[in-house]
Amino acid sequence: MAFHEYPVTQDYRISRRVLGVGINGKVVECENRVTSEKYALKVLRDTEKARREVELHVMASGHPHIVSIHDVYKNSYNGVDCLLVVMENMKGGELFARIQERGQKAFTEREAAGIVNEICSAVAHLHRMSIAHRDLKPENLLYCTTSGTAALKLTDFGFAKKTDESEPQGLKTACFTPYYCAPEVLGTEKYDKSCDLWSIGVIMYILLCGYPPFYSQHGQPMSPGMKAKIKSGQYTFPSPEWDCVSEAAKDLIRKLLRTEPTERITIEQTMEHKWISHYRKVPDTPLFTSSNLCDQKEQWTDMQDEMEATLASMRVGPENIQIKSLGDSNNKLLAKRRKGGASPRADEAMD
Ligand code: ADP
């Protein structure tokens, strides 16, 4: 998609209505001057990072579960180059806001499976195109309309990455490994994609009970203990919320929340899991989700911050890690490995 160089205001009337605020700026409503159709407009400063975001989002656009891009403009305001992205207007709001607002009518396990299936189909589309989203979290899942049958779509490609582009050559070792696994053990492509699978696991867990799997008790910020829990994969399926949840759902969560990215299942394997492939046959058991989401409203922003912090740590992928070649390393474990020993674990490689 070529970027238009003439002013966006020639084609769209920009409204003052703010649809949302993100880390990169505002998303406002706009209206096509010819059709009067409403759209969402995201304004980004024209940087290399913003270009990557827009290019990957355009590439992924057109899938039924990905927010579509209609037009992109490159305009300059007071000498500052900006990219203006005209997207479909997602009037239905965020995923969990909708579940929370359901009131008396209980949300069921079958509905949760339907939602996870929608998210998986978006991620499968991306992974097939060698794109890792890397910022898959509840705020980036929006409903088209307020109707009960509205589609759920994924947006915000601000951290998306093409996973098949060339990486630094040669056998390198990380001086610092943020999460789970040394990147030299795992190809960067699998590492980047595995982050999206972890996110699906967390979102699926919240959908089934209304609270996250890893949560520092009652609104405290991410503590070292919390990080340790995530790192060692410590979570439980507490009673009463999980008592009636199917074994198939728990089995899939265990496979998605594996701490070692190499052991975590891929999106294809997730789609083949019976809880997803037969999502219409999942038991229609009422869940505690809506009432727990309502009770824990105040903790929601803390939960979002925690998920964001974890995703940020996971994104510190191989290319962002200060690397040194094996030849320069005086790490004892690596020395052993060079002599043919076993691969060091991530935490050992950090020594
Ligand atoms: P950032 O990359 O700055 O985090 P996002 O793309 O996530 O920005 O957008 C910020 C917020 O704006 C979202 O959380 C959402 O509430 C709202 N928003 C984003 N895109 C749309 C859209 N297409 N339609 C309606 N609201 C949107």
Can you tell me which residue among Ser68, Ser76, Ser36 is within 20 Å of the chain's Cα centre (by Cα) and either more than 26 Å from Glu241 (Cβ to Cβ) or free of Cβ contacts under 8 Å to residues at least 60 places away in the same chain (or both)?
Ser68
Could you please find all residues in the range 51-66 being crowded, with 16+ Cβ neighbours inside 10 Å and either touching a helix residue (DSSP H, G or I) at 6+ places or on another chain (Cβ under 8 Å) or at pLDDT below 95 (or both)?
Ala60, His63, His65, Ile66
Condition met for Leu154 (within 21 Å of Lys193 (Cα to Cα), crowded, with 17+ Cβ neighbours inside 10 Å and away from the ligand (no atom under 11 Å from the Cβ))
no
If you go through the range 111-128 one residue at a time, do you hit one that is of a type in the set (D, E, K, R), closer than 22 Å to Val43 by Cβ and either within 16 Å of the ligand (Cβ to nearest atom) or in a helix (DSSP H, G or I) (or both)?
no
Filter result for Leu136 (at pLDDT 95 or above, part of a loop (DSSP other than H, G, I, E, B) and within 16 Å of the ligand (Cβ to nearest atom))
yes
Kindly check whether there is at least one residue in the range 38-56 that is farther than 29 Å from Lys162 by Cβ and in contact with a Ser or Thr (Cβ under 9 Å, 6 or more places away or on another chain).
yes
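The values are calculated or read from the model by the stated rules, or taken from the named source; none is laboratory data. These numbers were taken from a predicted model, which means no experiment stands behind them. When we count neighbours, we look across all protein chains shown, and the Cβ atoms used for this are built from the backbone with ideal geometry, even at glycine.
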